[in-house]
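The structure appears below as structure tokens.
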Amino acid sequence: MTPHNTAAQGEIAKIVLLPGDPDRAAWVADGFLSDAREITHKRGMRGFTGFYHDTRVSVMASGMGAPSAGIYAHELFAHYQAEAIIRIGTSGGLDPSIAVGDVVLAMTASTDSAWARQYGLPGTLSPVADFALFDSAVRIARKIGTTFHAGMVFSSDYFSSYNALGGESWRKWAAMGALVQDMETYALYCSAAHHQKSALSLLTMTDSCVTGEGLPEERRLSALEPMVRLALGIAREREHDA
């Protein structure tokens, strides 16, 4: 056990899906996994392990923001021997070509967070997705017809609507090519690099900063199904290729 996870050794699969919301973790376990059972709920961060077809998969909430996601990713990699983490998150759109409900594959992440300072690097770290997971995501998304975009995402410590400097600060990142904004991808990719493990962030665009369009409350879960099915397909392919 760790200070933030009450799962016992062996209860967490080698590949973990990482939503931010604990309720979303339960929704994935109930709706997409067989024989799923809850393995932790400490601090309200629920985690489950079950099977997607013949592949053992865990799904665990990470909470909001880089510190929370980074802590859970570290513990999963360092203490529970997870080999790969796939984030299944939501995001705000920064590019007008991305429609509400589209999936973004994060090739790399930029940030305004201080998360990487802990590594004492003499420069700026630009972490990237694991290529094998990313390549699998592209192939599977094309095969099953999931609309996706791939590129840089911007992981911010600030929820864009609540930024005290104004809600337009995202435009500078959009001008540099950031497709969407989330809060957790950068910390996840840093943690994976530090532990020499694999990570990929899949983000459903739920609210556009450009157009103001967003998913209605009743579709906040169902619209994530293409992303979840894509993540589970990646997990299954990885285990079969291992």
Practice task
Would you point out which residue out of 133, 76, 121, 105 is over 30 Å from residue 239 (Cβ atoms) and hydrophobic (A, V, I, L, M, F, W, C)?
Solution key: 121
Fill in the blank from the handout: In the set 82, 69, the lone residue that is crowded, with 24+ Cβ neighbours inside 10 Å and either within 11 Å of the chain's Cα centre (by Cα) or of a type in the set (D, E, K, R) (or both) is 69
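So which of 87, 24 is among the basic types (Lys, Arg) and crowded, with 22+ Cβ neighbours inside 10 Å?
After applying the criteria, what remains is 87.
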Completion exercise
For residue 222, the lone unmet condition from (1) among the polar types (S, T, N, Q); (2) over 15 Å from the mean Cα position of the chain (by Cα); (3) surrounded by 16 or more Cβ atoms within 10 Å (Cβ to Cβ); (4) modelled with pLDDT under 95 is (3)
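Within the stretch 137-236, considering only strands (runs of 3 or more DSSP E) that don't extend past its boundaries, which have at least 1 residues that are farther than 16 Å from residue 90 by Cβ and touching a residue at least 60 places away in the same chain (Cβ under 8 Å)? Quick ask: steps written out before the conclusion?
On the way: elements: 148-155, 180-182, 198-208.
In the stretch 137-236, 198-208 are the strands (runs of 3 or more DSSP E) which contain 1 or more residues that are farther than 16 Å from residue 90 by Cβ and touching a residue at least 60 places away in the same chain (Cβ under 8 Å).
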Exercise for the section: Sort through 97, 110 and tell me the only one that's within 17 Å of the chain's Cα centre (by Cα) and either over 18 Å from residue 196 (Cα atoms) or among the β-branched types (Val, Ile, Thr) (or both). Expected result: 110
Problem - Members of the stretch 194-221 found to be aliphatic (A, V, I, L, M) and out of contact with any strand residue (DSSP E or B) (no Cβ under 8 Å at 6 or more places or on another chain), listed by number - result: 221
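The values are calculated or read from the model by the stated rules, or taken from the named source; none is laboratory data. Keep in mind that what you see is a predicted model, and the values were worked out from it rather than measured. A quick note on method: Cβ atoms are made from the backbone with ideal geometry, for glycine too, and the neighbour counts reach across all protein chains shown.
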